[in-house]
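Structure first, then comments.
The values are calculated or read from the model by the stated rules, or taken from the named source; none is laboratory data. Since we're looking at a predicted model, the values are computed, not measured. Using ideal geometry, Cβ is built from the backbone for each residue, glycine included, and neighbour counts are taken over all protein chains shown. Note: areas computed on protein heavy atoms with side chains; ligands, DNA, RNA excluded. Shrake-Rupley method; radii C 1.70, N 1.55, O 1.52, S 1.80 Å.
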Amino acid sequence: MALATLHSRAQQGIDAPAVQVEVHLANGLPGMTIVGLPELAVRESKDRVRSAIVNSGFDYPTRRITVNLAPADLPKEGGRFDLPIALGILAASRQLPLNKFNTYEFLGELLLDGSLRPVRGALPAAIACGAAGRGIVLPDENGVEAALANNVCVFAARTLPEVCAHLNDVQLLSRVPATRIDTDVEPEEDLADIRGQHRARRALEIAAAGGHSLLMIGPPGTGKSMLARRLPGILPPLEESEALEVAALGSLNFSPLRDGNWRRPPFRSPHHTASAVALVGGGSNPRPGEISLAHHGVLFLDEFPEFDRRVLEVLREPLESGEVIISRAARQARFPAQFQLVVAMNPCPCGYHGDPSGRCRCTPEQIHRYRARVSGPLLDRIDLHVEVPRLTAAERALMSSSESSRSVRTRVAAARQVQRARQSSANARLTRNRMITCCQPGRTGQMLLERATDRLGLSARAYDRILRIARTIADLSGCSSIGDDHLAEAIHYRQLERRPPI
């Protein structure tokens, strides 16, 4: 029977569902038919496969070829099935042994000369192969990336003949060694570069220690962007499982592995002209957006009110749930999005409202319209609001050297360790049940919080966020319980709740 069966992987969000590639040769008019819900790039593979087989020195069977990609109801996209289809044709025509295919899974796009091109999503596929107990054969350019997966044998090839030689036991492919880039390179951007702005630096440290979102408001040139770009440098290294998730999401987007420390949290800073699809992901074949590429890291939105309001509103649900689900008519894709949001904005259109120089000429109506571009529900979801004022020349001249990122990161890592031991997550993601046990203030603290709630008109969400921030401040101080001073500082960081007169 001229039938060959191979194993491969499709791509569906962050997952890589198994696909069985069946190739059958039958008598009849020569040609190839591909079934199993293939999209255009998959249907076009018959031309690439035929040329690759012929140009690699093999015989292309002049028979009726049927290729089935099972399961039939799973959409198949991209050129990732070229390699398994070509191998299936060669095996069904008895040019390759059939007994080797149960131990491997195959991915790869073929060029007309038989060379292999890389495919996106190689790392999620390799992780799934390891869970299934099989090795994976893929293009050479995907080898290092796929080798990050645990408990999987990765074999990388440059051409179709190399894969065939391996399966024929003529010349075996070398297993790609697992290489983790753990050089612990210090970031180039250090907090020591920031002079002054002690309150903003303190808010940045609290945000890092508890995984909280942060909004900075102030005139141009006061250091808002500099502060935001130094946040990854004070975050503790990612756990290995977290770093693997980040690398898998980058694999879906053809993002190269980062040099230096692969466990460093990612930092994403999209331009304010970015669309909603660019921010949260999507497309006909859903791909991760900026919020997913910032998973376990920082998403920085500079010039916050300049983003389209409809684009900003799509952040509300992922900020709460930590994931984004993109639904299409034929498929649904889920991408994790546990990112730390940091935003910066000017106080008014010209940027100088409240500046001691008095250079602002914006009318109250202009200021109101400018700030109204950011909705109240979205602001309510941002934990820390801090003002970053302009420093005078005399103040800057008196400033001494600031604390380095390394020393701040030591305190942040200690606070995160306390949180992992207590609830296995950062304080920003404390559940209601855990808050009852570890975020309860004393009697005077409760009265302080109730007065602040009434005076500032805080929502129930803002109330909970103040408690989480206070818990983080207590952790940084090494205190087991929340004190009144911790609560007072946390309330002070709800800057935009005060609604100062314009």
Quick count over region 64-97, residues being touching a Ser or Thr at 6+ places or on another chain (Cβ under 8 Å) and assigned to a loop (DSSP other than H, G, I, E, B), is 3
Flag for Leu116 being within 14 Å of Glu162 (Cα to Cα), open to solvent by 10 Å² or more (accessible area, probe 1.4 Å) and aliphatic (A, V, I, L, M): yes
Residue check: is Val19 crowded, with 17+ Cβ neighbours inside 10 Å, on the phi < 0 side of the Ramachandran plot and in contact (Cβ under 8 Å) with a residue 40 or more places away in the chain? yes
Given (1) in a strand (DSSP E or B); (2) more than 16 Å from Leu215 (Cβ to Cβ), where does Leu341 come up short, assuming only one miss? (2)
Residue selected from region 220-231 under the condition part of a loop (DSSP other than H, G, I, E, B) and open to solvent by 10 Å² or more (accessible area, probe 1.4 Å), by the criterion nearest to His295 (Cα to Cα): Arg230
Taking Thr103 as meeting all but one of (1) more than 34 Å from the chain's Cα centre (by Cα); (2) open to solvent by 50 Å² or more (accessible area, probe 1.4 Å); (3) hydroxyl-bearing (Ser, Thr, Tyr), write down the number of the exception. (1)
Got a number for residues in region 44-83 being without any contact (Cβ under 8 Å) to a residue 40 or more places away in the chain and under 13 Å from Leu116 (Cα atoms)? 1
Checking Asn433 against (1) open to solvent by 70 Å² or more (accessible area, probe 1.4 Å); (2) among the polar types (S, T, N, Q); (3) over 35 Å from the mean Cα position of the chain (by Cα): exactly one of these is not met. Which one? (3)
Quickly run through region 344-359 and pick out the residues that are in contact with a Phe, Trp or Tyr (Cβ under 7 Å, 6 or more places away or on another chain), open to solvent by 30 Å² or more (accessible area, probe 1.4 Å) and not charged (D, E, K, R). Pro349
Check whether at least one residue in region 45-58 is surrounded by 17 or more Cβ atoms within 10 Å (Cβ to Cβ), in contact with a Cys (Cβ under 9 Å, 6 or more places away or on another chain) and outside any strand (DSSP E or B), and report yes or no. yes
State all residues of region 136-148 that are modelled with pLDDT of 95 or more and either touching a Phe, Trp or Tyr at 6+ places or on another chain (Cβ under 9 Å) or basic (Lys, Arg) (or both); if no residue qualifies, say none. Ile136, Val137, Leu138
Between a residue in region 217-228 that is more than 14 Å from Gly351 (Cα to Cα) and any residue that is open to solvent by 40 Å² or more (accessible area, probe 1.4 Å), which pairs come within a Cβ distance under 7 Å, given they are 6 or more apart or on different chains? Ser225/Asp302; Met226/Asp193
Quickly run through region 363-380 and pick out the residues that are open to solvent by 30 Å² or more (accessible area, probe 1.4 Å) and either within 22 Å of Ser225 (Cβ to Cβ) or not in a helix (DSSP H, G or I) (or both). Thr363, Arg371, Ala372, Arg373, Leu379
Any residue in region 313-335 that is in contact with an Asp or Glu (Cβ under 8 Å, 6 or more places away or on another chain), open to solvent by less than 50 Å² (accessible area, probe 1.4 Å), part of a strand (DSSP E or B) and not aromatic (Phe, Trp, Tyr)? yes
Condition check for Leu3: open to solvent by less than 60 Å² (accessible area, probe 1.4 Å) and in contact with an Asp or Glu (Cβ under 8 Å, 6 or more places away or on another chain): yes
Ser213 versus (1) closer than 30 Å to Ile382 by Cα; (2) of a type outside the set (Phe, Trp, Tyr); (3) open to solvent by 30 Å² or more (accessible area, probe 1.4 Å): which is the lone unmet condition? (3)
